[in-house]
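Working notes, beginning with the structure itself.
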Amino acid sequence: MHTLTARVLSVHAGSNEDKTKPDLPSIRVELDGIVGDKHRSFSRVTWAGDKQAKGTLRRNERQWSAVSLQELREISETMNLRYPLLPSTLGANLCLDGVADLSRLPKGTLLKFPSGAELCVEEYNPPCHDMGKRLAATQETHSGEKITTTAFSSAARITRGLVGVVEIPGDILPGDQVTIVVYEHPAWLQRSDDEHSAA
């Protein structure tokens, strides 16, 4: 079992129409998501370009979202932003410090918190064009060049963070140490060379 350790830098929740989520002193996660958050639900309706046809009711695999300080800095540098990207601006629920490649953690990875709360990774959270348009309208570059509406999608292509579901309810606070149990394919499910030959 491979584990990593990180720290919760900030927590966020809200239902603002512009998708921003303010900093909070703590968040409460329940089995249907984060209390007070727009994405709290066991189900959601799909959008254009989703896995199913637009408007399909499906289970909500996006009860929470997380970004890392290291990846936010990388995106900000790539975009040459005058002001660093904040997790609250991107609508993230959690910002973690100490995980350089947060976005690459595989499905099934568990984030464990001191309260007993556990979050399970479902998938990578790709950057959306709406956020790119919002950043182009509100951000500036160091050089004064205009930010294009596609700059964010390009810069955050593999560093946008993760989404997932709640495994165990509990409270999450800034400063919490997070134990990250990285999902690994069980050894007993892997075929030996002899089994491959027989098949």
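Readers should treat all values here as calculations from the given coordinates under stated rules, not as data from a laboratory. Everything numeric here is computed off the predicted structure, so don't read it as measured data. Cβ sites come from the backbone with ideal geometry, for glycine too, and all protein chains shown count toward neighbours.
Observations
- Among Leu96, Leu57, Leu31 the positive-end extreme of the charge dipole of the chain (Cβ point charges): Leu57
- Protection-proxy order for peptides 116-129, 172-185, 80-93, each taking the mean of Cβ atoms within 10 Å per residue, highest first: 80-93, 116-129, 172-185
- Remark: the Cα gyration tensor places the stretch 15-82 in the oblate category, a/c being 1.5 or greater and a/b not exceeding b/c.
- Cα-Cα P(r), the stretch 56-112, percent of pairs per 5 Å interval: 4, 16, 24, 23, 15, 9, 6, 2, 0
- Here Ile147, Ile34 are placed in order of increasing Cβ neighbour count within 10 Å, fewest first, which gives Ile147, Ile34.
- Burial ordering of Trp188, Trp47, fewest other beta-carbon atoms within 10 Å first: Trp188, Trp47
- Cross-link pairs Lys38/Lys107; Lys51/Lys107; Lys21/Lys133 - those with Cα-Cα distance over 21 Å: Lys38/Lys107
- Relative frequency of Cα-Cα separations exceeding 26 Å in the chain, percent: 36 percent
- 222 nm mean residue ellipticity, helices alone, for the chain (DSSP H n ≥ 4; -39,500 (n - 2.57); rounded to 500): -4500 deg cm²/dmol
- Relative contact order computed over the chain (Cα-Cα under 8 Å; 6+ residues apart), in percent: 31 percent
- Counted over the chain, the DSSP beta bridges are approximately 90% antiparallel.
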